[in-house]
Amino acid sequence: MPRRRDHHDLPPSIGAQANAGALEDPALLRRLLRAKDRMDAASHEAWPVRRLAEVSGVSEAHFARSFKRAFGVPPHRYLLTRRIEQAITLLRDTDLGITDIAFATGWESLGTFGRIFRDITGHSPGEMRVEARASQSQLECVPACVLKAAQRPDLTIAVLEKRRRDADDTVEPSTREVS
Amino acid sequence: MNQGINVVGLYVDNQDEALAFYVDKLGFRVHTDVRNGSYRWLTVQYPEQPSFQLGLFMPGPPIHDEATAQTLRAMVAKGAMPPLVLSVADCRASYEQMKARGVEFTQEPTDRFGSVDAGFRDPAGNGWKMIQAPAGAK
């Protein structure tokens, strides 16, 4: 029987980190969730830390640190997953062109959109359109909004980290990330 | 209906606050509200669905030790609990009404293939979708 995987199986450093990182104050978490909800509702908008911190009613430094402890990714990276999710939905459900989709989901350049889209999903936007439409039919019984969230791309490792692994550490950072 | 799901519970961090939210803002009514010491069994139901009760429960003793209760409160507060779906006849009308009562919406009414859905949270952090089925859907 496979052993249940819990933090005892992790290297000691990661286990200790996870313990130190757990954030359990419900009142603070609820306020951080509000900022996350606001990004969900308008992921095409710009969400500098100052704006998010204001929604949560905490200082900028406290916000950036706490958000990552609460949700496992820095706020900027969370926003990227939402934008890619939204782009995938538009690719699947509309006939909008790739450029239109890039701008509609909050990207300032088509190049950045295409590169990060490929980094995260492993496909170009055009390939994703074909694939998403092909696999759509069997999921018709799940409420559309729930399904959309379930198909959110997984961004537990940074985009840059993925790119570095692929390119063997030759790629310079092109976006600044708040951690 | 004599057999089927009768009670499903949510965790909330404050039962009085949850009660006010579900009754005053969402239009549920109290089904059962009984106490035994610090324990309080509280369920509400939707007037049009008398066979189903929604439990509004507090993590804590005697059911949970303090560390477990703390974790459950944190999970609710960061929106990690399962999705809940409220079925409505007119999503936009319900949205206007609930918003006027101070419900915290996370998503405005959105059309999706004939259905209309919106999203909101209860004060504890439980996330609801409010869905109006497409006309003629089963």
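Computed quantities for the displayed model
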{"read-out": "Nearest-20 debye value, chain B charge dipole, Cβ charges on Lys, Arg, Asp, Glu", "value": "200"}
{"read-out": "Distance histogram for the stretch B:31-95 (every C-alpha pair counted, 5 angstrom bins, percent rounded to whole numbers)", "value": "4, 13, 16, 19, 20, 15, 8, 5, 1"}
{"read-out": "Highest-first arrangement of B:93-102, A:31-40, where packing means the average Cβ count within 10 Å", "value": "A:31-40, B:93-102"}
{"read-out": "Convex hull volume of the stretch A:19-124 per residue (C-alpha atoms, cubic angstrom)", "value": "108"}
{"read-out": "Residue-averaged beta-carbon neighbours from other chains (10 angstrom radius) around B:105-117", "value": "3"}
{"read-out": "For residues of A:33-42, the mean tally of beta carbons on other chains within 10 Å", "value": "4"}
{"read-out": "Intensity falloff of the stretch B:69-126 expressed as log10 I(q)/I(0), Debye formula with alpha-carbon point scatterers, at q = 0.16, 0.24 Å⁻¹", "value": "-0.56, -0.99"}
{"read-out": "B:L10 long-range amide H proximity, modeled H, under 5 Å", "value": "B:G55, B:L56, B:F57"}
{"read-out": "Spacing of the two label points (7 Å from each Cα toward its C-beta) at B:A80 and B:F52, in nm", "value": "2.7"}
{"read-out": "Length gained when the stretch B:E17-B:S38 is fully extended (0.36 nm per residue, less Cα-Cα span)", "value": "5.9 nm"}
{"read-out": "J(HN,Hα) series, the stretch B:64-77, from Karplus relation 6.51 cos²θ - 1.76 cosθ + 1.60, nearest Hz, glycine and proline x", "value": "10, 6, 4, 5, 5, 4, 4, 5, 5, 4, 5, 4, 5, 5"}
{"read-out": "Theoretical FRET efficiency, 1/(1+(r/R0)^6), r = Cβ-Cβ of A:H123 and B:H64, R0 45 Å, to 0.05", "value": "0.55"}
{"read-out": "Overall Cα dimensions of the stretch A:50-108, principal axis frame, Å, largest first", "value": "42, 19, 15"}
{"read-out": "Residue mean of other protein chain beta carbons inside 10 Å, B:66-73", "value": "2"}
{"read-out": "Residues with amide H under 5 Å from that of A:L23, placed H, sequence gap 5 or more", "value": "none"}
{"read-out": "The stretch A:70-131 and the stretch A:26-62: distance between their alpha carbon centers, rounded to Å", "value": "21"}
{"read-out": "In sequence order, calculated HN-Hα J values of the stretch B:16-23 (Karplus, 6.51, -1.76, 1.60; Hz; x Gly/Pro)", "value": "5, 5, 5, 4, 4, 5, 5, 7"}
{"read-out": "Rough spin-label spacing in nm, given labels placed 7 Å along Cα→Cβ, for B:F113 and A:D25", "value": "4.4"}
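Coordinate-derived values only; no laboratory data. Computed from a predicted structure; not experimentally measured. Cβ: placed from backbone, ideal geometry, glycine included. Neighbour counts: every protein chain shown.
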